[in-house]
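Inspection log for the structure reproduced underneath, given as structure tokens.
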Amino acid sequence: AVVSTQSTGQSAEQLNVFLSDFGVQRIEIERILEKVVELGSDIEKKNQLNNAQEGIGKLQTLLNDALSYLPAYDLRKSQDTVTTLTEKIARVQQDCLPKKKFAFGKKKKAALHTKAQEKASVKNETNKFAKYTGDVIYENKSSVTLDIPKSEIHKKDVLLKNLTDCTVNLHSVIGTLHCTNCTNCTFSIGPITGSIFLENCSNSTYHVTCQQARIHATQNATFYFHVSSRPIIEDCKGLRVGRREQFYGDYEKDFSEAGLGETNKWSDVDDFNWLSKDHSPNWQLID
């Protein structure tokens, strides 16, 4: 009983230290982002945004080190905080340091969409990550192989949208990756220093290395992960999860540059729709 009491006290102390350190780092990132919008120089803005991104890495390290003792509620809340701040950094960067976007695919003709249709589209939008655009965009492709040059995507935020029956090779260090409405595709993805966000994808295979994985409204998909934190799924069915074993020529060099480390939580999936201690029926490990 004495050991149990000591153990409980130690866990409580660890939790308090974590919450304090995590909170301090979160406030520092928010302070940096508030400061960015007031700066006049693009160089200063870029430096501060880099500091904010480094802060995200520190938050993720704190979270990874605390996985063994964090209660489920605090773990989920902390993971959501990291995701929210990561997305906020991307938005601030896009507002303060707008970049010329590369758009690949057929452009929709404005004549085909009335203002009423556009308003209805926005009103009916249900995508969790639909607000994101990206520095580099590949969209509206079918039955093609996309060998995307490293020079176009290196450390950038990439959006893949409306792809069908495609093979996609992103062999570079990437900032973040958003993948929306992709069906019957195969993805070979270089190390992502931030997060991969998937939504409304199906019947596809992903070979991916990343800091964090958020998967929403996706069905019958296969993931081969190297991921630093627990993969998070929500409103998903029929997912298969395995350890990443397929790589490309410069992968080791890119992995070292990304600085993700050897921690791999590929099999520790957190299903937000499944609170029972029993295994979620929405995903399974690959034999």
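The values are calculated or read from the model by the stated rules, or taken from the named source; none is laboratory data. Since the structure is predicted, the reported quantities are computational estimates derived from the model, not experimental observations. Heads up, the Cβs are rebuilt from the backbone with ideal geometry, glycines too, and the neighbour counts pull from every protein chain shown. Only protein heavy atoms, including side chains, enter the accessible area calculation; ligands, DNA and RNA are left aside. Shrake-Rupley method; radii C 1.70, N 1.55, O 1.52, S 1.80 Å.
So the values come out like this:
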quantity	calculated
Among (1) at pLDDT 95 or above; (2) more than 30 Å from Val37 (Cα to Cα) - the single one Lys115 does not satisfy	(1)
Residues (among the small types (Gly, Ala, Ser) and on the phi > 0 side of the Ramachandran plot) located in the range 138-153	Ser143
Within the range 73-93, considering residues that are within 19 Å of Val269 (Cα to Cα) and charged (D, E, K, R), the one most open to solvent (accessible area, probe 1.4 Å)	Lys77
Matching entry among Gly175, Gly134, Gly190 (being at pLDDT 95 or above, surrounded by 17 or more Cβ atoms within 10 Å (Cβ to Cβ) and not hydrophobic (A, V, I, L, M, F, W, C))	Gly190
Matching option when the condition is in contact with a strand residue (DSSP E or B) (Cβ under 7 Å, 6 or more places away or on another chain) and under 28 Å from Ser143 (Cβ atoms), among Ser229, Ser202	Ser202
Sole exception among (1) at pLDDT 80 or above; (2) open to solvent by less than 70 Å² (accessible area, probe 1.4 Å) for Lys35, by number	(2)
Verdict on Leu70 being touching a residue at least 24 places away in the same chain (Cβ under 8 Å) and either open to solvent by 30 Å² or more (accessible area, probe 1.4 Å) or over 22 Å from Ala258 (Cβ atoms) (or both)	yes
Filter pass, Ser195 being of a type outside the set (A, V, I, L, M), part of a loop (DSSP other than H, G, I, E, B) and open to solvent by less than 60 Å² (accessible area, probe 1.4 Å)	no
Within the range 199-263, strands (runs of 3 or more DSSP E) holding 1 or more residues that are open to solvent by 70 Å² or more (accessible area, probe 1.4 Å), over 16 Å from Pro281 (Cα atoms) and touching a residue at least 60 places away in the same chain (Cβ under 8 Å)	none
Set Lys35, Lys58, Lys45: member being under 21 Å from Ala258 (Cα atoms), touching a residue at least 12 places away in the same chain (Cβ under 8 Å) and assigned to a helix (DSSP H, G or I)	Lys58
Filtered residues of the range 270-287 (kept if in contact with a strand residue (DSSP E or B) (Cβ under 7 Å, 6 or more places away or on another chain), part of a loop (DSSP other than H, G, I, E, B) and surrounded by fewer than 14 Cβ atoms within 10 Å (Cβ to Cβ))	Asn273, Ile286
Which listed residue, of Asp287, Asp250, is acidic (Asp, Glu) and under 19 Å from Leu177 (Cβ atoms)	Asp250
